[in-house]
Amino acid sequence: MEVLFVNTVPRVAEKGEIKRVAPGYARNFLFPRNYAVPATEGAKRNLELVRKSWEKQAEAVHKQYETLAEKLNGLNITIAKKAGEKGKLFGSVTNAELAEAINKATGAILDKKLIAADHIKEVGIHEISLRLPGDVKADFNLVVVAEED
């Protein structure tokens, strides 16, 4: 069965693609969740009209992430965590904590799912490189300090 994807389904298809899938998969998973619609002639014609608005949305999101990257490049963000005597953290700096610190520093809203940083488990200065959607890259320094009681 041919379906037209109206939303991106990871590891299956991107938004706007037409693919052949099993009828049961389409009926039981894709259609109820509004990920896809049957690929009829009307849906294919409608796709061309909708594609232009999707491109405008993608361009706006790309500009938004570029401005965030400009704010982040060269920035020093400080996070205080509990640490032992030798500078080892009790736990690590999580993506959620990093996203919260970025949000406070830049005033932007960044989802923790977009951050793919290595586990930071010691006090010091760490260089962080973020890959934001739309192939936008941001580099900044994360300063982890020992939290005082």
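Worth pointing out:
This table checks each residue for (1) of a type outside the set (A, V, I, L, M, F, W, C); (2) within 23 Å of Leu132 (Cβ to Cβ).
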residue	(1), (2)
Ser53	yes, yes
Glu66	yes, yes
Lys71	yes, yes
Lys88	yes, no
Ala96	no, yes
Asn103	yes, yes
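- Flag for Glu14 being without any contact (Cβ under 8 Å) to a residue 60 or more places away in the chain, in contact with a Ser or Thr (Cβ under 6 Å, 6 or more places away or on another chain) and outside the structural domain of Ile128 (by TED's automatic domain parsing): yes
- Boolean, Glu48 is in the same structural domain as Thr8 (by TED's automatic domain parsing) and either under 28 Å from Thr8 (Cβ atoms) or among the aromatic types (Phe, Trp, Tyr) (or both): yes
- Residues that are touching a residue at least 24 places away in the same chain (Cβ under 8 Å) and aliphatic (A, V, I, L, M) within region 17-49 comprise Ile18, Ala26, Leu30, Ala36, Val37, Ala39, Ala43, Leu47, listed in sequence order.
The values are calculated or read from the model by the stated rules, or taken from the named source; none is laboratory data. Not measured: the values here are computed from a predicted model. Glycine gets a Cβ as well: all are built from the backbone with ideal geometry, and neighbour counts include every protein chain shown.
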